[in-house]
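The values are calculated or read from the model by the stated rules, or taken from the named source; none is laboratory data. Just so it is clear, the model here is predicted, and its values are computed rather than measured. Just so you know, the surface numbers come from the protein's heavy atoms only, side chains and all, with ligands and any DNA or RNA stripped out. Shrake-Rupley method; radii C 1.70, N 1.55, O 1.52, S 1.80 Å.
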Amino acid sequence: MLEDKNQWQSFTDQYRWLIEDGKFELAERMLHRRLPHMEQYIKTLKTEEQTVWRDLLTVLLQDEGTPTEKDVFRFQMMVNVSTAPDPIVEAGTFVQDLKGALENPFASIVKIESQWEVIAPMLDAYYEKEAVSEISEKIRTLSHEDTFYTREAAIEAVGQLLDAPEEIRMDALWWTAFLVGGTIVLTLFYVALQKMKANQRQSRSKRRDNS
């Protein structure tokens, strides 16, 4: 599996370099040549990841025009995040970068908008769509009126998104602890029950021998 992950990261790097060099036909042939293998790999991903991979891939395969730099960056980001050891942590680093830009009063809103447009599609694979849409709305408002209050609203929305995976992890941790603890208790109960039955059989056997 690690080899598969590394090869897709290497593939997207090469694809991006070809696009940046203006070698669009070569990049297209390279992409089409890897499609069957890519489709097999996509099937190993989570349903949400599969959806985003295919959506971003469809944009690159469109007949009209050539992929934009932003299209390529979106796809490369999704590949790198989904093939990371912990995709949620990896996705969170991009969200954290966005939060840092929002907290910087000198950061251009144009740059922030561009940054968000690149990472937003990838986030749909790892966060609630409503939370992602909420940030999109806050950043749209910020683009029309860049004030302290609109920035704070956007920062708050991003912060809530960053907190969400931690809540999910804690819930999962509690459920795991509950299941493991429950399994241990049931195992101990079963062993004690078998031991009690064995003692009862041994006791009855001794009584028969003594009678």
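Quick one: Karplus J couplings for the stretch 25-35, per residue in order, coefficients 6.51, -1.76, 1.60, θ = phi - 60°, nearest Hz, x for Gly and Pro?
5, 5, 5, 5, 5, 4, 5, 5, 5, 8, 4
Provide, for q = 0.18, 0.22 Å⁻¹, the log10 of I(q)/I(0) from a solvent-free Debye sum over equal Cα point scatterers in the stretch 1-144.
Rounded to two decimals, the profile gives -1.10, -1.43.
Give the long-range amide H neighbours of residue 84: residues separated by 5 or more places, or on another chain, with amide H under 5 Å away, using H modelled in the peptide plane at 1.01 Å from N.
When sequence neighbours closer than 5 places are left aside, there are no close amide H contacts.
Once phi is turned into θ = phi - 60°, what whole-Hz ³J(HN,Hα) does the Karplus curve with 6.51, -1.76 and 1.60 give for every residue of the stretch 7-20, x standing for Gly and Pro?
Values, residue by residue: 5, 6, 5, 5, 4, 5, 4, 5, 4, 5, 4, 5, 5, 4 Hz.
Give me the accessible area per residue for the stretch 7-50, probe 1.4 Å, as a whole number in Å².
61
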